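The values are calculated or read from the model by the stated rules, or taken from the named source; none is laboratory data. Source: prediction; values computed, not measured. Using ideal geometry, Cβ is built from the backbone for each residue, glycine included, and neighbour counts are taken over all protein chains shown. Calculation scope for accessible area: heavy atoms of the full protein, side chains included, ligands and nucleic acids excluded. Shrake-Rupley method; radii C 1.70, N 1.55, O 1.52, S 1.80 Å.
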Amino acid sequence: MSLPTTACEIRAAIASGKVSAAEVCRDALARIRDTDGPLSAFLHVDEAGALARAEQLDRERPASAPLLGVPIALKDNICTAGIPTTAGSRVLEHYVPPYSAFVVEQLERAGAVIVGKTNCDEFAMGSSTEHSAFGPTRNPWDLERIPGGSSGGSAVAVAAAMVPLALGSETGGSIRQPAALCGVLGLKPTYGRVSRFGLIAFGSSLDQIGPFARTAADMAALLQAIAGQDARDSTSAADPVPDYAARLDGDLSGLRIGVPRALLTSGVEADVRARFDEGLLALESAGATLVDVTLPHAPLAIPVYYLVANAEASSNLARFDGVRYGTRADDSSLSSMYYKTRGRFGAEVKRRIMIGTFVLSAGYYDAYYVKAQKVRALIRKDYDEAFTTVDAVAVPTAPTAAFKLGERIDDPLQMYLSDVFTAAANLAGLPAISVPCGLTGDRLPAGLQLTGRPFDEALLLRAAHAVQQQIAMPGPMRPRDSGSL
Amino acid sequence: MERIAALARLELTADEIERFAGQLTAILAYADQVQQVDTAGADVAAVPPATAWRSDTPIPSLDRDLVLSQAPAADRAAGHFKVPRVLGS
């Protein structure tokens, strides 16, 4: 008997007694063993813990649990009590958190089974997962290519059908960009929608945890489980959590989608542009109306992002000093311990700490950091104005399909431009989703991104579902035998 | 480069100092475009959203032994982290 593959089917099959949570868990673990070798999506697979949890669920049978027995993978910057959490860094190589993130508590409450931790760029800094201290993750559509990043491992675990669901985190596009490059759904919720408690901090005013899934219904179920207020994150929002699955009916009549055409004139690969245009057609044929909008300050998102995010990163990463957790490099003096312990950061993390420290330093703070915050406010204002006439704004998620490993590793600025269409949503604090909109001529996925009003994730899921109903995506090739997954 | 690295207590290799100098210059030159923007109408209070306050009441925290078990050096009996000598020599 073949087991169900979507989270909704798995939950229903377990709740009705057709399969056990343990069978589903063993199946997921077998998929990881069979598939992950050449991909390296996982840094740690918790076989024993996952099976014990699944067996416990089979004994207790909490039939109403919304993710009953659903296997899920978590990006390795999300703290899991008793399970190693490295954030892709040598500095945290042997770290086992003494507590779990809010989202982990919520997943446990919902009956999900955490099967392991996924690879990411070190401290979530990167757009290719090549900056992980533990080696790169590869794209299941083409092993010579990057999966995107920083949440590349989570995107690949879902794209290669090792698990139906995964969580990633975003500071400037780290969920949506790998989702687009791997052909799955990725969502960055509104800032404050999901508690950051237990997420290893990068840029605190930008960071947000969010879901990966292959269907909108699965993504709705996962977001439902992790959204909500948490007193331990002072920026977590009190806004009510709606029923995210309520309107996944393919009907978008009355919806107005803004298209900022001026942003699409340069730098977008022709093939990606063509798939994006087909995605727009899908939205239209589902009943949506396309409207031209302008976002005059959006082209400034990348420079603003790299000033604000790195300033916050340099401050957040000061905590890695070899005293309370992680590794310590040298005990000969306090100063030497600081320098040598922090010398273990990888090149990209060091670059960003340097930029952030510089823009916060005396004499440069006003010119760089304060100025960037002002431009950031103008980026948000552009969206607020657009949302007076449209319900969501559509752009390609990434300007190109997945690029080859090594291609941008020595050119940080080129790497940063992978996030040219995603960083604005983080700066503006808005929700944004990437939905697959077909394959390029090289058989690489392209993504369409929709950015919505604050706390309107339901509308983004509804639109993504309509696109998925019209644009069928095949699975990637199985790396071992070239058969379809 | 050395001044910034010292502010961040960051050890850089000779190779990193050489590579970063050009890269950081290019990144900051790119970021410089924000200087040209007219930000007269910008309301910086708009983003990020306001932080919620809570009452300053003591609540139970993490188990001390569990926390110390993750430290590179700790005296668990005394209940503290250990660092290299700070005062004297």
**OP:** Please enumerate the residues belonging to the range B:33-65 that are surrounded by 14 or more Cβ atoms within 10 Å (Cβ to Cβ) and not β-branched (Val, Ile, Thr).
**Re:** B:33, B:42, B:46, B:48, B:49, B:52
Original post:
Tell me, which residue of the range A:138-167 that is more than 23 Å from residue A:406 (Cβ to Cβ) and either touching a helix residue (DSSP H, G or I) at 6+ places or on another chain (Cβ under 7 Å) or at pLDDT below 95 (or both) is surrounded by the fewest Cβ atoms within 10 Å (Cβ to Cβ)?
Top reply: A:161
Original post:
Among (1) part of a loop (DSSP other than H, G, I, E, B); (2) open to solvent by less than 10 Å² (accessible area, probe 1.4 Å), where does residue A:131 come up short?
Top reply: (2)
**OP:** Considering only the range B:29-56, state which residues are among the acidic types (Asp, Glu) and more than 7 Å from every other protein chain (Cβ to nearest Cβ).
**Re:** B:32, B:38, B:56
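For the range B:12-28, state whether one or more residues are modelled with pLDDT of 95 or more and facing chain A (nearest Cβ under 7 Å). Explain how you work it out, then say what you get.
Step one: list which residues in the range B:12-28 are modelled with pLDDT of 95 or more, which gives B:12.
From what is left, the residues that are facing chain A (nearest Cβ under 7 Å) are B:12.
Taking every residue of the range B:12-28 in turn, at least one turns out to be modelled with pLDDT of 95 or more and facing chain A (nearest Cβ under 7 Å).
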**OP:** Looking at (1) among the polar types (S, T, N, Q); (2) farther than 25 Å from residue A:146 by Cα; (3) at pLDDT 95 or above, find the lone condition where residue A:333 falls short.
**Re:** (3)
Original post:
Does residue A:316 satisfy being crowded, with 24+ Cβ neighbours inside 10 Å and polar (S, T, N, Q)?
Top reply: no
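What is the residue count in the range A:203-218 for residues that are within 14 Å of the chain's Cα centre (by Cα) and either crowded, with 24+ Cβ neighbours inside 10 Å or within 13 Å of residue A:429 (Cβ to Cβ) (or both)?
Initial filter on the range A:203-218 (within 14 Å of the chain's Cα centre (by Cα)): A:206-214.
Next, only the ones that are either crowded, with 24+ Cβ neighbours inside 10 Å or within 13 Å of residue A:429 (Cβ to Cβ) (or both) stay: A:206-213.
Going through the range A:203-218 one residue at a time, the tally reaches 8.
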**OP:** Under 7 Å between Cβ atoms, at least 6 apart or on separate chains: pull out the pairs that start in the range A:336-353 with a residue that is more than 8 Å from every other protein chain (Cβ to nearest Cβ) and assigned to a helix (DSSP H, G or I) and end on any residue that is among the polar types (S, T, N, Q) and open to solvent by 10 Å² or more (accessible area, probe 1.4 Å).
**Re:** A:341/A:327
Original post:
Among the residues of the range A:327-369, how many are within 17 Å of residue A:202 (Cα to Cα), among the small types (Gly, Ala, Ser) and surrounded by fewer than 24 Cβ atoms within 10 Å (Cβ to Cβ)?
Top reply: 2
**OP:** Please list, ordered by first then second residue, the pairs with beta carbon atoms under 6 Å, 6 or more apart or interchain, first in the range A:379-394 and closer than 24 Å to residue A:446 by Cα, second modelled with pLDDT of 95 or more and not aliphatic (A, V, I, L, M).
**Re:** A:390/A:256; A:390/A:258; A:391/A:256; A:392/A:452; A:393/A:258; A:393/A:451
